Amino acid sequence: MVEDTPGAAGGAPLRIATWNAISAKALRRFPAGAYEVGHALADPDAILLRSHALEAAAVAATVKAVARSGAGVNNIPVAEMSRRGIPVFNAPGANANAVKELVMAAILLAARNLVPAIDAVRALAPGPDWEKRVEDGKKAFAGVEVRGKTLAVVGLGAIGGLVAEAAHALGLRVVGHDPKATPETLARLPSPVRVLASVDECFAAADFVTLHVPLLESTRHLADARRLALCRPGAVLLNFSRAAIVDEEAVAAAVGDGRLKAYVCDFPSPRFAGRRGIVALPHLGASTEEAEEASAAMVIDQLRDFLEDGTVRNAVNFPSVEMPRGSPFRVAIANANVPNMLGMISSTMAASGLNIHNMVNKSKGEVAYTLVDLDSEASGEVLRSLSRIEGVLSVRRVPPPQEPSR
């Protein structure tokens, strides 16, 4: 793909296609005149979405970037975007506080049997003995206090760390596990939090287990029948991560036979319909005004930085790359991470009489990304020559720097 990015340089506006309702306040971060934003715009320069399941065939050849206003990108064909040299941006941590608050509400909801208690009161028919029936029925919903109970947090990233902190403040004993936790991540945890050596230990040690891991092949059905059998009788399992992190049939069976007191999640499923002990919320994790605005603002800034300056931040499939402007003439190149790509790129530019002012190249997995500042503008023919290099995925001319507008 060979592209210019004219909108930010004063030409035709850049076109941003949205596929979900995006915070109106955050959308104002796109400067009027330089950007055109609308639902399902044809031939867009970038796609901005939340939960919409994006099909690769629906991504036009004009698309230079895809951004999700949220953390997970399971609804985006990331591998195909990488093959096409298109970065996929997300907003890690922007909705962390919203999810943390919902998890804490879910812990209290399960501990005090609030959902069946509310349902029971709503189901009572009016009558002269209504108050007596309410009083007699409440014994069935006696709960427990969370103070002194043990919460296991599986996944100690942005959300898991906040959950651990809030749970500790609420009086729970907190343990956790995260195989990818860095020393910096662990240092942010409250000092009483005990880090365990395995997921199995978390399931065996806790009254409440909460899952905060990404959906990978290694985490699919992480909560399976074997691990659920390790739980203390009457334990509560919480999942505000991804539906497939748990084996739904195993969870339903564990609730049914009393191994689990309750399963509280953010992922409704036909398997859970009408089952006592299972509370499935309708994807409310990031559904607060604050989280929606914060997530959208983060990815909009990332899109603008990429389209206007070539900068890459928080792309799940591209390396992070930023280079101060050394000249008005910048070219951005995505390529396969294979030997001698920089040499071929440099040689092609030199053969066209272009002098490289500055260059940065970084890689992430199978994809590499290069920014090149030139002493003069690269012609369309030069861009086409670069695109014909085997392994080059996309080439575009980045517009000259503009006055910042945020």
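Per the conditions (1) crowded, with 22+ Cβ neighbours inside 10 Å; (2) in contact with a Leu (Cβ under 7 Å, 6 or more places away or on another chain); (3) touching a residue at least 60 places away in the same chain (Cβ under 8 Å), the sole criterion not satisfied by residue 298 is (2).
Just one of the listed residues (326, 365, 343, 353) is surrounded by 15 or more Cβ atoms within 10 Å (Cβ to Cβ) and of a type outside the set (D, E, K, R), namely 326. Number of residues in the range 228-243 that are buried (at least 16 other Cβ atoms within 10 Å of the Cβ) and either of a type in the set (A, V, I, L, M) or under 21 Å from the mean Cα position of the chain (by Cα) (or both): the value is 11.
Here's the yes/no breakdown for (1) at pLDDT below 95; (2) assigned to a loop (DSSP other than H, G, I, E, B); (3) more than 23 Å from the chain's Cα centre (by Cα):
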residue	(1), (2), (3)
66	no, no, no
73	yes, yes, no
86	no, yes, no
102	no, no, no
116	yes, no, yes
119	yes, no, yes
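One residue is enough: does the range 287-304 have a residue meeting the conditions at pLDDT 95 or above and part of a loop (DSSP other than H, G, I, E, B)? Checked against the condition, which is being at pLDDT 95 or above and part of a loop (DSSP other than H, G, I, E, B), the range 287-304 yields no hits at all.
Of all residues being out of contact with any Asp or Glu (no Cβ under 6 Å at 6 or more places or on another chain) and basic (Lys, Arg) in the range 46-74, which is farthest from residue 304 (Cα to Cα)? Just the residue, please. Residue satisfying both the conditions and the ranking: 50. The requirement of being modelled with pLDDT of 95 or more, over 30 Å from residue 276 (Cβ atoms) and not aromatic (Phe, Trp, Tyr) is not satisfied by residue 94. Taken as a whole, the condition of being under 18 Å from residue 215 (Cβ atoms), in a helix (DSSP H, G or I) and among the small types (Gly, Ala, Ser) does not apply to residue 252. Of all residues in the range 37-64, those satisfying the criterion of being free of Cβ contacts under 8 Å to residues at least 24 places away in the same chain, under 22 Å from residue 11 (Cβ atoms) and in a strand (DSSP E or B) are 37, 38. Among residues of the range 5-22 that are among the small types (Gly, Ala, Ser), those with a beta-carbon under 8 Å from a residue that is in a loop (DSSP other than H, G, I, E, B) and at pLDDT below 65 at least six positions away or on a different chain give the pairs 12/6.
For the range 384-406, a tally of residues being within 20 Å of residue 338 (Cβ to Cβ), aliphatic (A, V, I, L, M) and outside any loop (DSSP other than H, G, I, E, B) returns 4. Among the conditions (1) surrounded by 14 or more Cβ atoms within 10 Å (Cβ to Cβ); (2) at pLDDT below 95; (3) farther than 15 Å from residue 246 by Cβ; (4) not polar (S, T, N, Q), the only one that residue 215 does not satisfy is (3). Number of residues in the range 79-137 that are in the same structural domain as residue 170 (by TED's automatic domain parsing) and over 30 Å from residue 156 (Cβ atoms) equals 22. Condition first: at pLDDT 95 or above and not β-branched (Val, Ile, Thr). Now tell me which residues in the range 314-323 satisfy that. Within the range 314-323, 315, 317, 318, 319, 320, 322, 323 qualify. With a requirement of 1 or more residues that are touching a residue at least 60 places away in the same chain (Cβ under 8 Å) and out of contact with any Cys (no Cβ under 6 Å at 6 or more places or on another chain), the strands (runs of 3 or more DSSP E) lying completely within the range 129-248 that satisfy it span 208-211, 235-239.
Within the range 257-267, the residues that satisfy the criterion of being surrounded by 15 or more Cβ atoms within 10 Å (Cβ to Cβ) and either farther than 18 Å from residue 104 by Cβ or more than 21 Å from the chain's Cα centre (by Cα) (or both) are 259, 260, 261, 262, 263, 267.
The values are calculated or read from the model by the stated rules, or taken from the named source; none is laboratory data. Bear in mind the structure is a predicted one, so any value in this text is a computation, not a measurement. Positions of Cβ are generated from backbone atoms using ideal geometry, with glycine treated the same way; all protein chains shown enter the neighbour counts.
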